Amino acid sequence: MAETVRDLLASLTSEFTELPDDIGDSTVDGPIGWRGYGDARAAAADRTGERESVVCGVGTVDGTTAVFIAFEFGFLGGSIGESTGRRIDSAFHHARSARLPVVSLIATGGSRMQEGMRALVQLQRLARAAALTRQAGLPQIAVLYGPTTGGGWATLGAGADVVLALPEVQVGFAGSRVRPPGDPHAYTAEAHVEAGQVDQIVDRPRLRETLGRWLRLLTNPAAHAPSPPRALGEDLALPETGWAAVTRARAAERPRADAYVDDYFDWRERIQGDRCGGTDDGVECGFGWRDDGCVAYAAQRGTATLPAGFRTAARLVRLADRLGIPVLTLVDTPGAANDGAAERAGIGPAIAELFEALASARVPVTTLLIGEGGSGGALAFAASDRMWATPDSYFSVTSPEAAASILKRPDEAIPTIADQLRLRPQDLVELGVARGIVGR
């Protein structure tokens, strides 16, 4: 027998208590008089034991209490009708009143055709309820555990702060019976991870643990500004020349962002993508547990940063700021991607988006320069007043090679130009750009 929504709730939560609701008479044919609709509802109720396509209540996952909005796909394909919308609206209201996060367990085909426009406008109701909850500073997590299409995907699913999905779940705005033929992979959870619209694929046995970790992270912000990570390089001596600083920062054996975040956090969870169809493997963003609370992090991994990387980091900073979670950024890039593809994808607006997110953040932001600091593409990731540097790093208005090209100097002048740019970590401290050098 297929897993029911009650089975799923029982496996994920303890002490689950359903919220009360008066659905009304299920035998009538609905607001537009769709013949046989009442009988279909009654049959769905007999088959599933539910009175509507959604069950709402309060439950605890590994110590964190949350409001749950859980769809039963066996009830008319988990479709959203007027009473569904009322139930979900009431659940969001309870979440705001009790100051609880919201978890949506989604398996839905979208709006209920048999209720016509009265069903479709429930999407506006859901969007407003979610927006009010977002404004209240409460996190929302979506778990796509069954087919997730139509308005359910476009509101509760794609609009959540963090989106998790079981493997091979169908996801898409268009349902399987109305979409054009071809490219079936595009309508899978895996494809939506690749496109930066789903954060993680989670195997069913790990779902409770993963959901519990996310709830703990998003509801327990660290109490203080993040301290800068410790320097991981073996050689803590400062570079004597600018070119030595550049060469050392570009060395393949230098510790990278992955090593720094692994060393800094007890454990962590990643978010994926910019929600606009893009991802950048050169940027890792997520939330990590350190000491007694959660710190958000956005880390460059040594490559030219793509538009999607800047947008993903901006998404992280805005979410952390809304939830009161302090932010750590790690700077390491030769610069922003500057090819034609990057320009067409909006590299300028993407950098501007991250600059704005950091400039307007109310939570403390700490930055550590761990390698190359290449111009504005690096500066967009940096805090304006809380930046430290490692001994094997540099930060410059432009690369020495680019400066030589701009000045029409020969290649042999590049080391001298590196000195003139004053880009060494100790230069950054003397210039007032960095607060200090970690490990020194």
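The values are calculated or read from the model by the stated rules, or taken from the named source; none is laboratory data. Only a predicted model underlies this, so the values are computations on that prediction, with no experimental measurement involved. So basically every Cβ, Gly included, is an ideal-geometry build from the backbone, and we count neighbours across all protein chains shown.
Structure summary
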item: Residue count for region 417-429, restricted to those that are under 12 Å from Val246 (Cβ atoms), assigned to a helix (DSSP H, G or I) and of a type outside the set (Asp, Glu); result: 3
item: Members of region 291-304 that are touching a residue at least 60 places away in the same chain (Cβ under 8 Å), part of a strand (DSSP E or B) and in contact with an Asp or Glu (Cβ under 6 Å, 6 or more places away or on another chain); result: Gln300
item: Selected residue [without any contact (Cβ under 8 Å) to a residue 60 or more places away in the chain, in contact with a Ser or Thr (Cβ under 6 Å, 6 or more places away or on another chain) and assigned by TED's automatic domain parsing to the domain that holds Ser11] from Leu132, Leu120; result: Leu120
item: Residue pairs meeting the criteria (Cβ under 8 Å; at least 6 apart or on separate chains; first farther than 13 Å from Met387 by Cα, in region 422-433; second among the hydroxyl-bearing types (Ser, Thr, Tyr)); result: Leu423/Tyr394; Leu423/Ser396; Arg424/Thr241; Arg424/Tyr394
item: So Leu144, is it in contact with a Gly (Cβ under 8 Å, 6 or more places away or on another chain), under 19 Å from Pro101 (Cα atoms) and either assigned to a strand (DSSP E or B) or not β-branched (Val, Ile, Thr) (or both); result: yes
item: Residue, nearest to Arg435 (Cα to Cα), within region 236-261, restricted to residues that are in a loop (DSSP other than H, G, I, E, B) and charged (D, E, K, R); result: Glu240
item: Test set (1) polar (S, T, N, Q); (2) over 24 Å from Gln200 (Cβ atoms); (3) buried (at least 24 other Cβ atoms within 10 Å of the Cβ) - Thr149 fails condition number; result: (2)
item: Condition met for His185 (modelled with pLDDT under 95 and not in a loop (DSSP other than H, G, I, E, B)); result: yes
item: Check on Arg275, in a strand (DSSP E or B) and out of contact with any Pro (no Cβ under 9 Å at 6 or more places or on another chain); result: no
item: Residue tally, condition in a helix (DSSP H, G or I) and either aliphatic (A, V, I, L, M) or at positive phi (or both), over region 362-379; result: 3
item: Spans of strands (runs of 3 or more DSSP E) in region 1-94 with at least 3 residues crowded, with 24+ Cβ neighbours inside 10 Å and of a type outside the set (Val, Ile, Thr); result: 64-71
item: Candidate set from region 188-235 (those that are touching a residue at least 40 places away in the same chain (Cβ under 8 Å), outside any helix (DSSP H, G or I) and among the acidic types (Asp, Glu)); member that is farthest from Leu8 (Cα to Cα); result: Asp235
item: Members of region 205-218 that are in contact with a strand residue (DSSP E or B) (Cβ under 8 Å, 6 or more places away or on another chain) and either surrounded by fewer than 21 Cβ atoms within 10 Å (Cβ to Cβ) or at positive phi (or both); result: Leu207, Arg208, Thr210, Gly212, Arg213, Arg216
item: Selection status of Arg409, without any contact (Cβ under 8 Å) to a residue 24 or more places away in the chain, of a type in the set (D, E, K, R), surrounded by fewer than 21 Cβ atoms within 10 Å (Cβ to Cβ) and not in a strand (DSSP E or B); result: yes
item: Residue that is nearest to the chain's Cα centre (by Cα) [pool: residues in region 152-161 that are surrounded by fewer than 24 Cβ atoms within 10 Å (Cβ to Cβ) and aliphatic (A, V, I, L, M)]; result: Ala160
item: Any hit, region 305-319, residues being surrounded by fewer than 18 Cβ atoms within 10 Å (Cβ to Cβ) and in a strand (DSSP E or B); result: no
item: Residues of region 230-269 classified as among the β-branched types (Val, Ile, Thr) and closer than 18 Å to Arg440 by Cβ, total; result: 1
item: Residues being of a type outside the set (A, V, I, L, M) and buried (at least 19 other Cβ atoms within 10 Å of the Cβ) - total across region 256-278; result: 10
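Condition check ((1) more than 17 Å from Val283 (Cα to Cα); (2) surrounded by 19 or more Cβ atoms within 10 Å (Cβ to Cβ); (3) touching a residue at least 24 places away in the same chain (Cβ under 8 Å)) across all residues:
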{"residue": "Leu328", "(1), (2), (3)": "no, yes, yes"}
{"residue": "Thr333", "(1), (2), (3)": "no, yes, yes"}
{"residue": "Asp339", "(1), (2), (3)": "yes, no, no"}
{"residue": "Glu343", "(1), (2), (3)": "yes, no, no"}
{"residue": "Ala352", "(1), (2), (3)": "no, no, no"}
{"residue": "Ala357", "(1), (2), (3)": "no, yes, yes"}
{"residue": "Pro364", "(1), (2), (3)": "yes, no, yes"}
{"residue": "Thr367", "(1), (2), (3)": "no, yes, yes"}
